[in-house]
Amino acid sequence: MRTSGCVSPVRAADAGRLVTVINTRSLTACLLVACLTAVLAAAVLEDGYVTDPGGLAWWYAACWLLFAAAVLALRRMPVRHAVALVVAGGVAVAATGLLAPPRTSTDSYRYAWDGRVQAAGISPYDHPPADPALAGLRDDWLFPRGADCALPERSRIDGPAGERHCTRINRPREHTIYPPVAQGYFLVVHALSPEDARHKALQTGGALLAVGTTVALVLVLRRRGDPRQAALWAWCPAVPVEAVNNAHADVLGVLLAVVGLWVVVRGRFEGGVLLGAAVATKLLPAVVLPGALSGVRRWRDAAAVLVPVAAVVAVTYLPHVLLSESSVLGYLGGYTEEEGYDDPSARNRYALLRLVLPDAWALPAALLVTAVVIVHVVRRGDPERPWSGALAVTGTVFLLMTPGYSWYALLLVALVALDGRWEWLGVAAAGAAKYVSVHLDGDSSVVGTTAYALAAAAVAAGMLVRRRAAPAGAVGLAGAAGRESGRVAVGRNGE
């Protein structure tokens, strides 16, 4: 019996209701992204890091809550509708970082100075900014005088003929710490920028790299996951604040690490080259290397990744080694000591371990736990999802060392977007809470320790939930969790 060519009224009504539901969900997600963008703009314009850290913390909290709500709303949208919103929302969110000068970090001033020094044909590793030998490169932006020197973030230095000057550059009497790929980035930005660009040049570079990372994540996840997960990076409040407004070079390392982990699945040598470039940008991306070795059983397969990594780092450092009179490691040793990685009590390092262990045991315990996780990732990780192992190692290192600089977590945020285990974002939020609370009255270390403890509890809860929901017979660190996170993210609207 032939069916009628007419559309059933019942089916038409169902289709109409489905369209209405999709449109409502899309509108909800769009409104939440718009609210997130507006609140981020207000947070960036709020200059309260030193004067009103409590007020700034509330702005940040509102941003993170709106971010969570927007991502939850996005998961209920069909993929084909959501991807455009992820990218467009990512552009809008990143743009908020351009609304003001750097608010909570002065690192980008050092970047601008290093680019200027290189353009003058001088090795950035040879002279600290306060060296009188470079006085001819100083201007009133990086080296202000008069009333501007009264601001608390200014560092005093000696000017020509004993004249008192100050600078926006932090640690002006120390040599630069930044690796050669980052130095190349600083030089390129300087060369492409108009003379009066000031902080906007590096902020614009950060915005372009942040959006580029969003696009890279979408492309990777179209083939190996759910592209909606890219919103975990694109809309995360850490991105406009740290990658754009504060213009941290970490975002370049993040982009190289994301692409490198994608490429290493198909070509170990090519992936190793990109990962080496990431390490030569900020050193921290070295923590993703165990993930790149997930499931490797032969030494030559491991060497196929690690040899190009080492070669890229060596080749990029070599010209500076040959041309510089000072050490190309710069202030690295002093920075490590200053940050308390060898003395846990100095800067509240290893805060969670120190809740249950004596201070003297914290560093050995951190190294032991990290080694165990690395061995587990290499032996049982999923070679088709190296970012899962990279996330496990990176997140573990963050929880063990409890860093106080929130921009370090940009790498973690990108790995979360790749893998989909959103509970690890609590670690990034904890870093932001610890950083913004430094100038609060009272013991700011309590805030950081509490925030990291809550983040660790969220990670443990997420692991328990995923383990219970994992399919029978799934093995490996990333196998069950990765497949389950992909299925949960796609949901009933996945296409």
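So the values come out like this:
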| quantity | calculated |
| --- | --- |
| Per-residue [θ]222 nm for the chain (sum of -39500 (n - 2.57) over DSSP H runs n ≥ 4, rounded to 500) | -20000 deg cm²/dmol |
| Residue among LEU65, LEU40, THR96 farthest towards the positive dipole end of segment 22-111, charges placed on Cβ | LEU65 |
| Packing-based order for 373-379, 405-411, using average beta carbon neighbours within 10 Å, highest first | 405-411, 373-379 |
| Largest to smallest accessible area among ARG297, ARG75, ARG145 [probe 1.4 Å] | ARG297, ARG145, ARG75 |
| Accessible area in square angstrom per residue, the chain, 1.4 angstrom probe | 44 |
| Residue-by-residue Karplus 3J(HN,Hα) for segment 423-429, coefficients 6.51, -1.76, 1.60, Hz, glycine and proline x | 5, 5, 4, x, 5, 5, 5 |
| Anisotropy class of segment 239-309 from Cα gyration tensor, a/c 1.5 cut | prolate |
| Cα-based Rg / Dmax (Å) for the chain | 23.9, 102 |
| Projected label distance in nm at TRP58 and ASP359, using a 7 Å step from Cα toward the beta-carbon | 3.5 |
| Under 5 Å, built H, 5+ apart or other chain: amide partners of CYS166 | ILE157 |
| Angle between the chain longest axis and helix 9-45 axis [Cα atoms, degrees, rounded to 10] | 10 |
| Length released on extending from ARG173 to HIS376, taking residue separation times 0.36 nm less the Cα-Cα span | 68.8 nm |
| In sequence order, calculated HN-Hα J values of segment 210-218 (Karplus, 6.51, -1.76, 1.60; Hz; x Gly/Pro) | 5, 5, x, 5, 4, 4, 4, 5, 4 |
| Label point distance in nm, ALA34-ALA135, each placed 7 Å from Cα along Cα→Cβ | 5.7 |
| Peptides 431-437, 252-258 ordered by average Cβ neighbours within 10 Å, highest first | 252-258, 431-437 |
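The values are calculated or read from the model by the stated rules, or taken from the named source; none is laboratory data. Just so it is clear, the structure is predicted and the values come from calculations on it, not from any experiment. Every residue, glycine among them, receives a Cβ derived from its backbone with ideal geometry; neighbour counts consider all protein chains shown. These area figures cover heavy atoms from the full protein model, side chains too; ligands, DNA and RNA do not enter into them. Shrake-Rupley method; radii C 1.70, N 1.55, O 1.52, S 1.80 Å.
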